[in-house]
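*Asks:* Have a look at the structure that comes next, please.
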């Protein structure tokens, strides 16, 4: 069994380190993910970890093992955020896991939640709205109209799993203070699935048109920037287009990783690379939507 | 007479969840099928889709319930669709999907904007549409007089409205879809 150390802080940047540790896909031996020294994980990190476990299960590989963090506060937080409850479905958990008895932490708008069918999207949207409206208005200074758009963006991001992934996924929503990176609070939607990814989804209709440049990066560009969908129906592709329209209005950011590429629509407050290619492979697709607190004179 | 379809109860009958949000494409397809059945089973020329008590409306569901429905209805001569109960929280999704398909729809409203055209529109089309709601039936000269426009300008706006099924027109006269 190969041991892969989970980065101390697992987020959209450090996921590449985790992917590097996995190596070729599918792995040729059983895996143990060592999170004993973990200090923190973003919703992106937690949902990506779960979809990795799911991908290993779907590849009929031995059930991966996952050693839980040693620090009580980290364990407790991950438990209240719903991670261990979900992880028990696809990992053999090693170490004592706290019981999930209390409410989610106050900054968790939506604990880790599975998305497998359209009904799950209804549950997620119905469940989050009241709590999201309160937090977005009070803590992020977002106008009521922005909270509606937030729920729409969440709905569309979750639907992509149901419509395109060919398997299930996970969603989590959290607000936190990006003191170093932005100096403001943000709310983050993270959606991750273990499905076929953007390249395989679009390959039958788009690969020949693109030619030599075809790959994960080109597929992401078509889907995210040109609203291309594998369906010929002209109404398709509106979900990501609608999310981009919403984020443009509220200086938000969307980043999508699929296979070996990551594409981001980067607002002025961030310095992320718009396109990163030739990354270590990670199964499925991972979407992160970030909406920053608005300045006092924002629209 | 106008056929009124109350979407919130129809949504609850279609889904097994207790929520009043019109989200997901599959929900939109299921709702549109029921709306199309209701339209085909009625003799009315105008159908009013009432969004009252509908919570969130996302882009995918709006695409099916509004845009695709309009495309289907436009295949049939002499059938009109108007929306009512549309709130600010529905507007973004409806405008977005209509613009994507190059469509327009009339929305009834009690708010400060009153009745208005959603989706693809121009200032002249919007102004003419709202004037016609006040004026009632008439012709291009009547509209031109009311708006201090030339008759040609009024006739152009009326033609656009008629082509987009936002008013009923016949033999040089017009009337709003929903008479007071």
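The values are calculated or read from the model by the stated rules, or taken from the named source; none is laboratory data. Just so you know, these numbers come straight off a predicted model, no measurement behind them. In this analysis, Cβ positions are derived from the backbone assuming ideal geometry, glycine residues included, and neighbour counts consider all displayed protein chains.
*Asks:* Output the number of the condition that residue A:13 fails; it satisfies all remaining conditions of (1) touching a helix residue (DSSP H, G or I) at 6+ places or on another chain (Cβ under 9 Å); (2) surrounded by 14 or more Cβ atoms within 10 Å (Cβ to Cβ); (3) assigned to a loop (DSSP other than H, G, I, E, B).
*Replies:* (1)
*Asks:* Oh, and also: Does any residue of the range A:58-65 turn out to be surrounded by 14 or more Cβ atoms within 10 Å (Cβ to Cβ), part of a helix (DSSP H, G or I), modelled with pLDDT under 95 and at negative phi?
*Replies:* yes
*Asks:* Right, next: Report yes if residue A:161 is in a helix (DSSP H, G or I) and within 14 Å of chain B (Cβ to nearest Cβ), otherwise no.
*Replies:* Here the answer is yes, as residue A:161 does meet what is asked.
*Asks:* Tell me which of these residue B:162 doesn't satisfy, since it passes every other one: (1) crowded, with 16+ Cβ neighbours inside 10 Å; (2) in a helix (DSSP H, G or I); (3) in contact with a strand residue (DSSP E or B) (Cβ under 7 Å, 6 or more places away or on another chain).
*Replies:* (1)
*Asks:* Taking residue A:183 as meeting all but one of (1) away from every other protein chain (no Cβ under 14 Å); (2) out of contact with any strand residue (DSSP E or B) (no Cβ under 8 Å at 6 or more places or on another chain); (3) at pLDDT 90 or above, write down the number of the exception.
*Replies:* (3)
*Asks:* Let me ask something else about it. Is the range A:166-174 home to any residue that is over 20 Å from residue A:118 (Cβ atoms), assigned to a strand (DSSP E or B) and modelled with pLDDT of 90 or more?
*Replies:* Within the range A:166-174 (the criterion being over 20 Å from residue A:118 (Cβ atoms), assigned to a strand (DSSP E or B) and modelled with pLDDT of 90 or more), the answer is yes, since at least one residue qualifies.
*Asks:* With A:45, A:21 as the choices, which residue is in contact with a strand residue (DSSP E or B) (Cβ under 7 Å, 6 or more places away or on another chain) and more than 17 Å from residue A:174 (Cα to Cα)?
*Replies:* Going through A:45, A:21 in turn, just one is in contact with a strand residue (DSSP E or B) (Cβ under 7 Å, 6 or more places away or on another chain) and more than 17 Å from residue A:174 (Cα to Cα): A:21.
*Asks:* For the range A:110-127, which residues satisfy the criterion of being within 14 Å of chain B (Cβ to nearest Cβ), crowded, with 22+ Cβ neighbours inside 10 Å and more than 16 Å from residue B:22 (Cβ to Cβ)?
*Replies:* Matches in the range A:110-127: A:115 only.
*Asks:* Kindly check whether there is at least one residue in the range A:213-220 that is at pLDDT below 95, part of a helix (DSSP H, G or I) and crowded, with 17+ Cβ neighbours inside 10 Å.
*Replies:* For the range A:213-220, residues at pLDDT below 95, part of a helix (DSSP H, G or I) and crowded, with 17+ Cβ neighbours inside 10 Å: absent.
*Asks:* Would you say residue B:12 is under 27 Å from residue A:153 (Cβ atoms), within 14 Å of another protein chain (Cβ to nearest Cβ) and crowded, with 17+ Cβ neighbours inside 10 Å?
*Replies:* no
*Asks:* Right, something else. Is it true that some residue in the range B:75-90 is part of a helix (DSSP H, G or I), within 14 Å of another protein chain (Cβ to nearest Cβ) and either in contact (Cβ under 8 Å) with a residue 40 or more places away in the chain or crowded, with 18+ Cβ neighbours inside 10 Å (or both)?
*Replies:* Yes, that holds for at least one residue.
*Asks:* Another one. Quick one: which of A:178, A:170 is closer than 26 Å to residue A:41 by Cβ, in contact (Cβ under 8 Å) with a residue 12 or more places away in the chain, out of contact with any helix residue (DSSP H, G or I) (no Cβ under 7 Å at 6 or more places or on another chain) and more than 14 Å from every other protein chain (Cβ to nearest Cβ)?
*Replies:* Result: A:178 is the single residue among A:178, A:170 that is closer than 26 Å to residue A:41 by Cβ, in contact (Cβ under 8 Å) with a residue 12 or more places away in the chain, out of contact with any helix residue (DSSP H, G or I) (no Cβ under 7 Å at 6 or more places or on another chain) and more than 14 Å from every other protein chain (Cβ to nearest Cβ).
*Asks:* May I ask you to list the residues in the range B:34-70 that are in contact with a strand residue (DSSP E or B) (Cβ under 7 Å, 6 or more places away or on another chain), in a helix (DSSP H, G or I) and away from chain A (no Cβ under 12 Å)?
*Replies:* Listed by number, the residues that qualify are B:35, B:38, B:39.
*Asks:* Pick out the one residue from A:99, A:145, A:71 that is at pLDDT 90 or above, surrounded by fewer than 22 Cβ atoms within 10 Å (Cβ to Cβ) and farther than 24 Å from residue A:282 by Cβ.
*Replies:* None of the others qualify; the one that does is A:71.
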